[in-house]
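Enquirer: Mind looking over this structure? Questions follow.
The values are calculated or read from the model by the stated rules, or taken from the named source; none is laboratory data. What you see is a predicted model; the values in this text were computed from it and never measured. Note that we place each Cβ from the backbone using ideal geometry, even for glycine, and neighbour counts take in every protein chain shown.
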């Protein structure tokens with residue numbers, strides 16, 4: 001009907017009998033429509049070969065670059081009861097300012113003189129340690145004195161044993177000399193008897209020799225007794241040495257046992273002193289925890305607890321604070337199929353909710369209202385929403401991000417990849433294929 005091809009339908013069909021053919025037969029608008037269709041087809045065909053920048057899009061929100069600059073919740077370290085609020089919602093607080101005062105509710109810490117009493121206990125235990133140290137030193141001195149006395153006694157007994165040995169030797173010599181004298185006396189007596197029988201010696205001489213023999217026999221008995229007594233003294237001196245060793249070993253063992261007992265008591269008391277010092281320090285620190293302080297400069301966003309007299313458990317959130325100084329950033333989420341295409345250090349385009357923008361994802365140069373960013377971190381573990389989190393910082397080489405941005409504002413991002421023809425992108429999208437695997441150029445190649 002439009003007569004576009006050479007195989008015209010009017011050669012086979014009589015078009016004059018149709019009203020529609022008569023309407024368009026001499027209509028000049030028909031020629032314009034035909035030209036328009038041709039121009040549109042040519043433009044569409046040319047458009048398919050125009051370059052298109054592949055990209056990875058994501059949605060997220062405004063956050064801060066450093067973790068310590070993000071909104072934080074202050075918790076109570078100890079259990080207590082709310083006594084007084086020192087701030088209101090929206091107030092600006094400096095680091096160390098008092099936010100809330102709580103009082104004690106646990107019975108172990110209700111004593112107002114708890115710290116003082118604990119300090120007195122520490123002093124008393126330290127005095128006990130000093131006493132045990134003195135007792136240990138006294139026992140050490142006693143052991144030293146016992147050892148000195150033992151040495152003197154032992155040396156004295158050794159001298160006595162030596163004297164006994166010498167006396168045994170002297171008595172043995174005297175005993176042998178007495179034996180010799182007895183032998184001489186017997187010889188002399190026998191000689192006198194024989195001479196008396198021969199008439200050469202008088203009887204008085206024989207009587208003298210007999211008397212001398214009897215004296216010598218008596219003397220030898222006495223000398224033998226002395227000799228045996230000296231030997232007994234040697235045995236007694238030897239036994240005295242053993243007795244001294246045993247006696248002073250017992251004394252030394254008893255003193256050593258007392259010393260070890262004193263040392264054990266000293267160490268036990270020192271352990272108690274350290275425990276009390278630990279409690280004393282803990283009580284001092286706990287007293288400082290009754291005042292909830294601001295950890296950094298910022299604004300009180302919201303009071304999570306309210307009222308006076310309300311009890312709190314350990315770790316209960318009290319207020320939320322937003323730091324006053326922070327480095328802004330964007331956290332965005334990309335699908336797992338696009339995650340391998342994201343690289344740290346790549347540049348991305350960002351636009352913010354409520355900020356006027358016109359975005360052409362395939363032609364970033366024609367977009368308006370977008371801001372430059374650089375990927376500074378990416379998580380390698382999937383988030384709860386089934387996507388991967390990417391952290392983006394401002395690109396200092398481009399225009400600065402708006403100062404009016406607030407934490408938590410919505411954002412959208414585009415990470416630019418490779419450039420391909422439009423027909424290829426349409427074909428890839430229709431088939432559900434991912435973008436071309438893209439590795440960013442190195443810094444040296446970028447400079448060249």
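Enquirer: Working only within region 280-312, note down all residues that are more than 15 Å from residue 109 (Cβ to Cβ) and assigned to a loop (DSSP other than H, G, I, E, B).
Expert: 294, 295, 296, 297, 304, 305, 306, 307, 308, 309, 310, listed by residue number.
Enquirer: Take residue 124 and decide whether it is modelled with pLDDT of 90 or more and part of a helix (DSSP H, G or I).
Expert: yes
Enquirer: Now a separate question. Considering only region 53-73, state which residues are surrounded by 19 or more Cβ atoms within 10 Å (Cβ to Cβ) and at pLDDT below 85.
Expert: Within region 53-73, 54, 55, 56, 58, 69 meet the criteria.
Enquirer: Within the set of pairs 6 or more residues apart or between chains, which connect a residue that is within 26 Å of residue 336 (Cβ to Cβ) inside region 52-73 to a residue that is loosely packed, with under 14 Cβ neighbours inside 10 Å and at pLDDT 85 or above with Cβ atoms less than 6 Å apart?
Expert: Hits for this filter: 61/410.
Enquirer: Can you confirm whether region 283-303 contains a residue that is in contact with a helix residue (DSSP H, G or I) (Cβ under 6 Å, 6 or more places away or on another chain) and crowded, with 16+ Cβ neighbours inside 10 Å?
Expert: yes
Enquirer: Follow-up. More than 30 Å from residue 80 (Cα to Cα) and either surrounded by fewer than 17 Cβ atoms within 10 Å (Cβ to Cβ) or not assigned by TED's automatic domain parsing to the domain that holds residue 300 (or both): which single residue out of 107, 198 fits that description?
Expert: Just a single option satisfies the conditions, and that option is 198.
Enquirer: Give the residue that is surrounded by the fewest Cβ atoms within 10 Å (Cβ to Cβ), with candidates limited to residues of region 74-87 that are under 30 Å from residue 406 (Cα atoms) and over 25 Å from the mean Cα position of the chain (by Cα).
Expert: 86
Enquirer: Kindly indicate whether residue 176 is assigned by TED's automatic domain parsing to the domain that holds residue 238, surrounded by fewer than 17 Cβ atoms within 10 Å (Cβ to Cβ), in a helix (DSSP H, G or I) and touching a residue at least 40 places away in the same chain (Cβ under 8 Å).
Expert: In short, no.
Enquirer: How many of the residues making up region 88-107 are at positive phi and under 30 Å from the mean Cα position of the chain (by Cα)?
Expert: 1
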